[in-house]
Each structure stands twice: as C-alpha cells, then as structure tokens.
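See below for the structure under consideration.
Nothing in this text is a laboratory measurement; each read-out follows from the coordinates by a stated rule. None of these values were measured; they are calculated from a predicted model. In this analysis, Cβ positions are derived from the backbone assuming ideal geometry, glycine residues included, and neighbour counts consider all displayed protein chains.
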Amino acid sequence: MALLSVREETMRFGGLFANQSISFDVEEGELLAVIGPNGAGKTTLFNVISGFFPPTSGSIHFDGEEITGKSSHHVASAGLVRTYQLVQLFKQLTVAENVEIGSHRVTRGGVFSALFRPEWMRQQEKSVTEGARDLLRFVGLEHQADMMADTLPYGRQRLLEVARALAAKPRLLLLDEPAAGLNTQETEALAEVITRIHQAGTTIILIEHDMSLIMKIAQRIVVLDFGKKIAEGTPDEIKAHPDVIAAYLGGTETVDA
Amino acid sequence: MTSHVTTSIEPTGIRWQSILPIVAVLALAAVGFVSSDYIVTVLGFAFIYAIFCTGLNFFMGYTGQASFGQSAFAAIGGYGSAILCTDYGWEPLLALFATMVLSGVAAVLVGYPTLRLRGHYLAMATFALGLIVYEITIEWTALTQGYMGYSGVPPLGVAGFTLDTLKQQLVVLVVISLIGVGIAARLRQSRFGRALASIAGSESAARALGVDIARYKLIAFVIAALYASAAGSLFAHFVGFISPEVYGTTMVIQSFAMLYLGGIGTMWGPMIGAIIVSILPETMRGLKEMQDIAYTAVLILILIFAPRGLAGLSVLFRRTRVRVLEKA
C-alpha cells in the first residue's frame with residue numbers, strides 16, 4: 001500500500017481552482033518530484049497535504065489513515081513533516097536549538113517532567129542534544145551550532161531547515177523548493193544531502209524549479225499546470241512528454257498566461 | 001575539532017551565568033537587611049514584581065505573545081488572599097495556593113477563547129480582561145470594598161509562625177522569587193520550553209514540526225497567571241493593604257518596562273528589570289522635580305545601548321568568550 005495517496009484533491013479559492021482533481025500515490029522509500037510553472041498549484045498541494053488548509057473536495061491518506069482536513073500539527077505528529085519555500089527558522093535561537101525543537105514529535109514530556117526531571121527525561125534531553133549534533137554534522141553545520149540561526153548565510157539556513165525537519169524523524173518529508181535562491185555550489189551540496197536522506201530510507205516529495213536537480217535525483221515526477229496534473233512518470237518519460245514541453249516551452253496556454 | 005570546543009564550553013557558560021545573578025540578588029537582599037524599613041519596602045516590591053514578570057515572561061518572552069491583562073490575575077490573587085485571610089481567617093499560605101488555583105482556572109476559561117487571537121487583537125482582548133477585573137474591584141463593593149480597599153491583611157506566615165517584620169518578609173520574598181526563576185529556567189530548558197520558543201520563532205514552522213500551538217499558548221498563559229496570582233497575594237500580605245489601583249493598568253506598564261529593560265525571553269531578565277525599575281527612581285530622589293525626567297532618560301539610554309535588555313549583555317560576553325576559545 002502506498003505511504004501517501006492523494007485522491008481527486010481539489011482546492012478552490014473563490015473562483016480559482018488552485019488544485020483540480022489531483023490524484024497520485026507515493027510509495028514508501030520513493031523520491032517523488034512535483035514540478036510545474038509558477039502558479040501551477042504546487043505549494044497549494046503541499047499546504048493541503050500537510051493540513052494547513054482542508055481541501056475543497058477529495059481525500060488524502062497517509063500510512064493507511066485518512067488525514068484529510070486534520071490540523072497541521074496532527075499531520076506532522078503522524079510523521080509527515082514539511083519545509084517551506086521561504087525559510088522559516090527560529091531566528092532568535094541557536095542553530096543547535098533549532099534542530100532540538102525538531103525532535104518535538106519523537107519525544108515526550110510536558111511541564112511536570114521539565115520541573116522534576118525524572119531519569120527518562122534526563123536521558124531524553126541527552127539524546128536530543130546528541131541527535132541535534134549528529135544532524136548538524138550530517139548537513140555540514142557542526143561548526144555553526146552555537147550561532148544564532150539568523151546569522152547564517154542563506155544557503156546554510158536552507159540546510160538548517162532540512163536538518164530541523166530530519167530531527168522529527170519524518171516518514172514522509174515534503175521539501176518546498178529547497179534550492180530556491182541557492183547558487184550552483186550550494187544546490188549541489190543540497191542535492192547531495194537530499195540524496196543521502198533518501199538513501200537512509202526517508203520517503204521524500206520535492207517541489208523544485210531547478211530541472212537539473214530534479215532530473216538528477218528524482219525517481220518519479222508529477223507535473224502540474226494550471227492546477228491540474230498533466231503528466232506523471234520517470235524523468236526520461238517526462239522529458240519527452242509533449243504536454244510538459246508545451247507547458248514549459250510555451251504552447252497555446254502561454255497566450256493567456 | 002573547533003566544534004568540539006564550542007559545544008563543550010556550553011555547560012560552564014550556563015553555570016557561570018546562573019551563579020552570578022544569584023550572588024547579586026543575595027547581596028542586594030543583604031544590603032536591604034541592614035537598611036531602613038523604607039528601603040526594605042522598595043526591595044520587597046521589586047521582588048514581588050520579579051515574580052510577576054518572571055511569569056509574564058513565559059507568555060510574552062518565551063512564547064512571544066502579548067498580554068496587557070495579567071494584572072487581572074494579580075487582582076484575583078491579591079483580593080482572594082485579602083478576603084480569605086481577613087474575613088475568613090485562612091492561613092496566608094493556604095490562601096495563596098487556593099487563589100493560584102482559582103487564577104489558573106480563570107486563565108483557562110479566559111485563555112481558551114481569546115488565545116485564538118493574534119498580535120494586536122490579542123493585546124486588545126487581554127487589555128479588556130485587565131480593565132474588566134479592575135472595574136469589578138471598584139464596583140463590586142460587597143466583595144472588594146471598592147475604592148476603600150482591604151486593610152489589615154495579615155503578614156505571610158505558616159502554621160502559627162508569622163513573619164512580623166518587613167525584613168523577615170523580604171527574605172521570604174527573595175527566596176520565593178529565586179524559586180520562581182529556578183522553575184522558569186527548568187521549564188525553559190526542556191521539550192516544553194523549546195515548544196514555547198518555537199511558537200515565538202515561527203508559528204508555521206512550529207506547526208509543521210507537530211507543536212500543538214493552541215495548547216502550548218494556553219499553558220504559557222496559565223503559568224503566567226499562576227505567577228501573577230502569587231505576586232498579587234504576596235503584595236497583599238507584604239503591604240497589609242490593597243486597593244483597586246494596586247492592580248490597575250500601571251502594574252501592566254511597569255511590568256512591561258521591567259521585561260524589556262531586563263531582557264524579555266531571558267532567564268534573569270525579568271528579575272533584573274524588576275529590581276532596576278524599582279530601585280532606579282529611589283536613587284534619584286536627590287534630583288527632586290527632575291527625578292522622573294532623569295529616571296526615564298536612564299531607561300531610554302539602557303534600551304538604546306542594550307536593545308535586548310540588560311540580561312542580553314551577558315550573552316554577548318559569553319559569545320565572545322566562545323569565539324576566543326575557538327581561536328585558541
């Protein structure tokens with residue numbers, strides 16, 4: 001059974017169909033890319049999947065359970081973790097603390113355990129700290145652990161956001177244009193990190209504009225245009241798909257676009 | 001290797017940062033102990049405000065939300081303690097805890113619907129809360145004796161022991177406020193505290209990591225109310241008299257000045273701010289009519305040169321230390 005299955009998902013804002021009857025499946029362990037021109041509805045799709053707003057119609061199942069319309073923190077608690085197109089860091093906290101917060105989903109304890117510090121709580125704190133350090137090493141930020149997050153260069157902020165999402169041990173990771181605004185070198189570093197996350201067994205859905213990045217790392221691609229799914233297939237199939245070429249290089253639609 | 005040095009410095013940094021303020025606070029209390037009752041009273045107010053602000057810091061500092069109505073919970077604590085102890089002869093300590101429970105319940109009831117609001121709207125809603133409770137303390141004369149206020153509130157004590165002198169009470173206030181800071185530090189450095197900080201940082205990021213925002217905001221609001229209530233009760237016992245003005249808008253403004261001056265969101269900031277804002281005007285008594293001007297000028301200067309508050313300065317110090325060690 002698919003890890004994520006989106007069925008006939010439609011999202012309408014007034015008269016605008018941001019997503020229209022979109023259906024696709026993501027298998028466990030897969031790296032799927034969602035591409036499409038600006039305004040195609042990619043981020044809306046992510047917002048709906050991750051529970052930021054309920055779809056107008058259709059359903060979303062994650063790990064066999066229906067998550068349609070559930071609030072975003074419920075969806076995240078279930079193991080579906082996302083990042084944002086515009087970096088959303090906890091700016092006033094250190095790099096290490098940003099990643100430590102990421103472990104919220106996979107840790108427990110509230111006010112009382114914080115106050116009385118039972119043994120399990122101290123153990124947990126230790127593993128949170130160590131886990132954060134390991135993740136920072138994984139993305140190459142170990143030397144910046146004690147810096148304030150907003151003092152990092154932009155490319156590194158991206159990596160930090162990925163590390164923070166990984167601290168939540170996601171079963172499905174949604175990356176919304178992680179390479180946006182990165183230079184070639186930074187994009188390569190990011191591609192390498194994403195590949196390693198994937199190889200470590202995390203299922204990933206990736207929204208991206210950088211075609212060379214997509215073609216290099218995606219196993220399967222879903223193409224959106226004007227809110228509809230116009231193609232789905234392997235990178236080679238997509239490259240040769242006439243509708244995709246039309247959407248990207250200009251067909252009849254570009255006249256009114 | 002450098003990273004190893006950077007991370008290993010962390011524990012000593014924290015220890016240094018927590019011992020120094022405790023020593024400073026105890027030294028201040030010691031000065032108060034050998035001073036006149038007037039200075040003891042000023043210091044007593046400072047530590048009561050420190051408790052109030054340490055609580056408010058949970059909501060405004062760690063969680064990054066605005067509350068202009070925390071004085072309402074101080075009023076519940078203060079009037080609750082005054083009424084229970086004077087009219088019903090309760091033990092002060094018992095009344096303190098009972099009114100804290102009452103304030104906590106009130107905070108849940110008020111917070112549940114209002115905390116959906118954000119930014120200015122939340123500020124307005126909480127401001128209304130403060131005003132409503134203020135009006136109640138004036139108008140419901142059968143309960144609160146209106147403008148006359150409540151006098152003859154017994155001093156703090158437990159099981160027959162009462163703290164008869166102001167100096168004894170000051171010692172207790174110092175201890176309680178230090179416990180308050182200790183609790184805040186423990187809560188902040190935990191999964192719970194990190195969840196609060198994530199809300200202040202970015203609500204959408206917090207949500208995407210599975211943080212139940214509404215729930216954590218409410219808990220922070222309730223904790224702030226518990227501290228405020230305790231501060232209100234302690235005020236009633238310390239002064240022996242309360243009136244509506246004590247828990248009015250001035251209290252809110254005072255506490256904001258303390259929070260921002262001391263360093264909002266930091267561990268010691270609320271207490272540092274409370275002490276400075278309370279003592280500063282007293283040190284300028286000699287300036288007579290220029291006192292208020294000099295006082296506000298100093299406040300503004302501090303905020304210009306330490307925009308993150310006085311507690312923020314220690315962070316600068318710690319970071320340069322780390323950098324020096326990195327190079328070594």
- line: Taking placed amide H atoms and a strict 5 Å upper bound, the residues 5 or more places from A:ASP225 or on another chain that come that close are A:ILE230
query: In the neighborhood of B:TYR112, defined by Cβ-to-Cβ distances under 14 Å, what is the net charge if each Lys or Arg adds +1 and each Asp or Glu adds -1?
result: +2
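How big is the C-alpha Rg of segment B:146-201 next to the rule-of-thumb value 2.2 N^0.38 Å, as a ratio?
1.76
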field: Rounded tilt (10° steps) of B:310-327 against the dominant C-alpha axis of chain B
entry: 20 degrees
field: On Cα atoms only, tilt of B:269-283 relative to the major axis of chain B in degrees
entry: 60 degrees
query: How big is the C-alpha Rg of chain A next to the rule-of-thumb value 2.2 N^0.38 Å, as a ratio?
result: 1.05
- line: Summing -39500 (n - 2.57) over every DSSP H run of at least 4 residues in chain B and dividing by its residue count gives a helix-only mean residue ellipticity at 222 nm, to the nearest 500 deg cm²/dmol, of -25500 deg cm²/dmol
- prompt: Between segment B:221-278 and segment B:84-136, what's the alpha-carbon centroid distance in Å?
  reply: 14 Å
- prompt: How well do other chains shield peptide B:181-189, expressed as the mean number of their Cβ atoms within 10 Å of each residue Cβ?
  reply: 2
task: Largest first and to the nearest Å, give the Cα extent of the protein assembly as shown along each principal axis.
output: 89, 61, 50
task: Report the percentage of all Cα-Cα pairs in segment A:1-153 whose separation exceeds 25 Å, rounded to a whole percent.
output: 46 percent
statement: Counting lysine pairs in the protein assembly as shown that sit 8 or more positions apart or on different chains, with Cα atoms under 17 Å apart, gives 5
message: So if each residue of separation counts as 0.36 nm, and I subtract the Cα-Cα distance between B:VAL158 and B:LEU94, what length gain in nm does that give?
response: 22.2 nm
- line: For segment B:2-327, the Cα gyration tensor yields equivalent-ellipsoid semi-axes (√(5λ), largest first, whole Å) of 32, 25, 19
